[in-house]
Amino acid sequence: MTSRKIAVITSGLSQPSSTRLLADRLADATTRQLEGLGIDADVHIIELRDTAQDVVNNLMTGFPSPKLEKVIETVTGADALIAVTPVFTTSYSGLFKSFIDVLDPQSLTDMPVLIGATGGSERHSLALDYAMRPLFTYLHAVVVPTSVYAASSDWGSAGDAAATALPDRVERAARELAQLAKTSDRSNRVADPFALPAGFSPVGGYGAQ
Amino acid sequence: MNTVASTGMQFGIFTVGDVTTDPTNDITPTEHQRIKNILTIAQKVEEVGMEVFALGEHHNPPFVPSSPTTMLGYIAAKTDRLILSTATTLITTNDPVKIAEDYAMLQHVADGRVDLMMGRGNTGPVYPWFGKDIRDGIPLAIENYALLQRLWREDFVNWEGKYRTPLQGFQSTPRPLDGVAPFVWHGSIRSPEIAEQAAFYGDGFFANNIFWPKEHYMKLISYYRQRFEHYGHGTASEAIVGLGGQAFMAKNSQDAIKQFRPYFDNAPVYGHGPTMEDFTEQTPLTVGSPQQVIDRYASMREYYGDYQRQLFLMDHAGLPLKTVLEQLDILGGEVVPVLRKEFAVNRPANVPDGPTHEALVAKRDRAAQAASSAELAETPVAS
């Protein structure tokens, strides 16, 4: 059975957190959807909380600790990414953004991404579309059309005529991600850290005269 | 005066010349005091038996060395054997014509005891201050150095490039001492283009080795060594590698840790970030007894291969002059002599010594002699 590596980052601060809860639901649904396509999901869940200090140190020193480096490699070397953050003050959490800030801006190019967020009320659900989605678009990642927002009330709601229930949204988003993950070959790519830009000459365009 | 045993390795000090408040007493030296202190430190480097003093170039406070050759010229007059170098010279924003002139002049003043290290700098606004665009950092480093090479090697240069006024029949003056350009290192933290450039010219490559874990620099240096061989300058093991480093010592390692911690915690760049314990584990910074520093740095060649130059950063973060001079006494008196012995053990004969002007002149003369005897051999002998 072929397999795909799925990285899951969750930036909830409490333990246990509803952000992690949503991340787990999205990961499980994605695993099921991939199974339906005959693909084994190799899921790596990363609680950014566990490397919070390392992320700040990386911002200060410019290099990751060995522990954070492993996390970065897991994320950037995955076939697809599930990214979930709590909404703090109208946007992704500071820890979430700080982690994104220590990544090489080229390292998520072409990455299929499912974005999710949690919050106390439904009023912040658009944070996914005005904050999370542009962030990953800037990084040239491919964000699936359905993003999943879970307010506290969603955990006890069956949905109604105005909105589908959380499980339905989770399933639809997972289906979209699984389709992209299926054709992703990112985890097999070999990155050459010393690749020189096309046309590079050690003497420059004018040096050889 | 100490005599320098020949082990092929050169040891020395490099400084960024920061004016930083001493966090233990809130005293901030004036620019004048700091400049004088740097000059004193440089002379001390020779006194304790090390070979190299390298000065950074900066154009923004809290750093004072905006005019390296002025300071190095003074040090040249006050020393006899010390090699004067830079860490780094901004090849991006300086006019290569002025670099050619300044350092050829310094070569004459210092009787050849000069080399320099090219770098791009890490302060963004320096580019616009000097009329350049930071996005052109690499192309500037490449083009400017290509011109600098020619200015030192050709008496009259015709030049047209993208980044400076064209030159017609320009002669840079004075000509390099003995017709041999100063040795050049290229410093880079992460750019393969610069490692490639160093390899192309057969120049040295310097990894500052301070901010990042050794694994990162190992990859970059190994890449440079492979490319050095590719361009036909010798085998990978014959490439010219320099490393930075950082240490603080006391006889008792606990005293070193206690004494250095406030400076570490408040240091520019990494202060208020990782703990000193994490940073010493993850980078070559070593805080402890002289023996710990010996052990740490003696192991460097296992990771990078036998190399030519080891520079230490010893005078930053507000450390007072008295402390810095004591550190240099320990470094020169107890650490470097042992490292010299360690590095000499099993050092392959083909590994070059640290570069000197005399060696470059001798190399040039050998090449000229070989060329002329080859010519003689080709001349038919009348029978």
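The values are calculated or read from the model by the stated rules, or taken from the named source; none is laboratory data. For clarity, every value in this text was computed on a predicted model and none was experimentally measured. Cβ: placed from backbone, ideal geometry, glycine included. Neighbour counts: every protein chain shown. Remember, those area values only see protein heavy atoms, side chains included, never the ligands or the DNA or RNA. Shrake-Rupley method; radii C 1.70, N 1.55, O 1.52, S 1.80 Å.
Details
- Note on region B:287-298: residues that are out of contact with any Ser or Thr (no Cβ under 6 Å at 6 or more places or on another chain) and within 17 Å of B:TRP212 (Cα to Cα) total 1.
To keep it simple, each residue is scored yes or no on (1) within 10 Å of another protein chain (Cβ to nearest Cβ); (2) of a type in the set (A, V, I, L, M, F, W, C); (3) within 26 Å of B:LEU313 (Cβ to Cβ).
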| site | (1), (2), (3) |
| --- | --- |
| B:ILE142 | yes, yes, no |
| B:GLN149 | yes, no, no |
| B:GLY161 | yes, no, no |
| B:GLY169 | no, no, no |
| B:GLU193 | yes, no, yes |
| B:PHE206 | no, yes, yes |
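- Any hit, region B:348-370, residues being assigned to a helix (DSSP H, G or I), under 21 Å from the mean Cα position of the chain (by Cα), of a type outside the set (Lys, Arg) and exposed (fewer than 15 other Cβ atoms within 10 Å of the Cβ): yes
- Tally, over region A:31-52, of residues that are over 21 Å from A:ILE72 (Cα atoms) and either in contact with a strand residue (DSSP E or B) (Cβ under 9 Å, 6 or more places away or on another chain) or acidic (Asp, Glu) (or both): 8
- Scan of region B:326-347 for residues that are part of a helix (DSSP H, G or I) and open to solvent by 60 Å² or more (accessible area, probe 1.4 Å), ordered by number: B:GLU326, B:ASP329, B:GLU334, B:LYS341, B:GLU342
- Filter result for the condition that a residue is part of a loop (DSSP other than H, G, I, E, B), in contact with a Leu (Cβ under 9 Å, 6 or more places away or on another chain) and within 14 Å of chain B (Cβ to nearest Cβ), over A:PRO197, A:PRO193: A:PRO193
- Filter result for B:ASN122 (open to solvent by 10 Å² or more (accessible area, probe 1.4 Å), within 14 Å of chain A (Cβ to nearest Cβ) and part of a loop (DSSP other than H, G, I, E, B)): yes
- Any chance B:ASP111 is farther than 24 Å from A:SER201 by Cβ and in contact (Cβ under 8 Å) with a residue 12 or more places away in the chain: yes
- Set A:VAL113, A:VAL148, A:VAL170, A:VAL142: member being more than 14 Å from every other protein chain (Cβ to nearest Cβ), open to solvent by 60 Å² or more (accessible area, probe 1.4 Å) and in contact (Cβ under 8 Å) with a residue 24 or more places away in the chain: A:VAL142
- Test: residue in region B:165-183 that is under 18 Å from A:PHE200 (Cα atoms), without any contact (Cβ under 8 Å) to a residue 60 or more places away in the chain and not polar (S, T, N, Q): no
- Residues in region A:55-71 that are assigned to a helix (DSSP H, G or I), open to solvent by less than 30 Å² (accessible area, probe 1.4 Å) and within 13 Å of chain B (Cβ to nearest Cβ): A:VAL55, A:ASN57, A:ASN58, A:THR61, A:LEU68.
- Failed condition for B:ILE240, given (1) without any contact (Cβ under 8 Å) to a residue 60 or more places away in the chain; (2) touching a strand residue (DSSP E or B) at 6+ places or on another chain (Cβ under 6 Å): (1)
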